[in-house]
Amino acid sequence: MSTSPQSPDFRDIGDLKGQAAVISGSTSGIGLALARAVATRGGDVVLNGLG
């Protein structure tokens, strides 16, 4: 019997010092939450949004 693969847990993305992320839609909603999470963990963030 095969077992289904476990879903990855993205809540703990670990230490991101020295890493960069370009996040589109980062001025609101999920994009903003992701940008904050990356920055909180030491990553450099490039923000991109309309308006």
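Descriptive notes on the structure:
- Within the range 33-51, the set of residues being over 16 Å from residue 13 (Cα atoms) and not β-branched (Val, Ile, Thr) comprises 47, 48, 49, 50, 51.
- Test for residue 34: is it surrounded by 10 or more Cβ atoms within 10 Å (Cβ to Cβ) and either modelled with pLDDT under 75 or not in a helix (DSSP H, G or I) (or both): no
The values are calculated or read from the model by the stated rules, or taken from the named source; none is laboratory data. Predicted model only: the values in this text are computed from it and were never measured. A quick note on method: Cβ atoms are made from the backbone with ideal geometry, for glycine too, and the neighbour counts reach across all protein chains shown.
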